[in-house]
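Input: a single structure, listed below in C-alpha cells.
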Amino acid sequence: MSPKLKFKLAKLLLTSLWFFGVPGQAPSQSNKVMGEVHFEGASKVERDSGVWIDGEYVGFLKELKGNKKVLLLPGEHQLEVRQAGYESFTRKIVVEPNQVQTVQVAMHLLPGARTPDVTAMLKITVQPGRAAVFLDGQYVGHASELGGSVHALLISPGKHRIKIELPGYRTFETEVNLLQGQKSEVKTELVKGSIEQAGPDIKPPQ
C-alpha cells in the first residue's frame, strides 16, 4: 500500500470515528484540531440532498448537525451534494483547526429532467432510513424519503439495479425487473460492517 493511500485511509478512518461519535477511539484532545462544517439549504430539495466528502457518503444535508455534525481534519476537502434530477453541487473547502464554517448549498434542475411517461412504482423500505439509495448508479435520495406511496420512485419498466449504502454498514445491492404499471418494494435492514469486510450483500433479481 502506497504512503498516499495509507494517509487517505487514516484520514477517512479518523474522520468517520469523530463523525459517528465513537467513544474511546481517539484522544479527547483531538477535537481541538478538527474543523467543523455546517450546511444550509434554502428549500426542501437542498435539505434532503445527499452529502459526500472526499468521495464518502456522510448523510443527507438536514441531519448533519448535533451528534451527526461533520468534523474534519484540517486541510482541503472535496464536497459534493447530490439530488435526483438536479446538477451536483461541488466545492473544494479548506478546513482550519478548531474553526467552524458554513456552506450554503443551492441545487439547480438538470436541463430536460422529467418523470418517465410510462412508469412502474418502486417503494424503498430500509433501516437505517438515512442510507443513500442509488438507481442504476445514480443517487435518488435517502431511504426515509422513499418509503411510502407518496414518495415512492416512479421509474421506467424493465430491469434496474438498486444499491443502498451507509458508512459503518455493508452495502446492499439487488436487481428489480418491473412491468408497466407494476408496484414493487425493496425491503431490507442493513448489516453493520467494517472496513475489513469485503463485498456487498447481493440479492437475486426479483
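The numbers here are math on the coordinates, done by the rules we state, and not lab data. This is a predicted model, so every value here is computed, not measured. Neighbour counts run over all protein chains shown; Cβ positions are idealised from the backbone, glycine included.
Numbers below:
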| quantity | calculated |
| --- | --- |
| Trypsin sites (Lys or Arg not before Pro) within segment 38-97: DSSP coil, no more than 13 neighbouring Cβ in 10 Å | Lys65 |
| In segment 50-129, GluC sites (Glu not before Pro) in a DSSP loop with at most 15 other beta-carbon atoms within 10 Å | Glu87 |
| Along principal axes, Cα extents of segment 41-167, largest first, whole Å | 51, 33, 24 |
| Estimated FRET transfer efficiency when R0 is 25 angstrom, pair Lys183-Arg161 (beta carbons, to 0.05) | 0.85 |
| Förster radius 35 Å - calculated FRET efficiency between Ser88 and Val33, Cβ distance, rounded to 0.05 | 0.75 |
| Footprinting exposure proxy for Ser144, Ser43 (fewest neighbouring C-beta atoms within 10 Å first) | Ser43, Ser144 |
| 11 Å beta-carbon shell around Val100, net charge (K/R +1, D/E -1) | -1 |
| Inter-label distance for Asp54 and Glu145, nm, one decimal - labels placed 7 Å from Cα along Cα-to-Cβ | 2.6 nm |
| For segment 120-202, size of Cβ-based charge dipole, Lys and Arg +1, Asp and Glu -1, in debye | 160 debye |
| Extension gain, Val118 back to Asn98 (0.36 nm per residue minus Cα-Cα distance, nm) | 2.0 nm |
| Cα centroid of segment 67-128 to Cα centroid of segment 141-182, whole Å | 18 Å |
| Residues of segment 36-57 with amide N under 14 Å of the 7 Å Cα→Cβ point at Ala106 | 40-43, 46 |
| Residue pairs, from the table Lys69/Lys92; Lys62/Lys183; Lys159/Lys187; Lys44/Lys68; Lys65/Lys187; Lys159/Lys183, whose Cα atoms sit over 21 Å apart | Lys62/Lys183; Lys65/Lys187 |
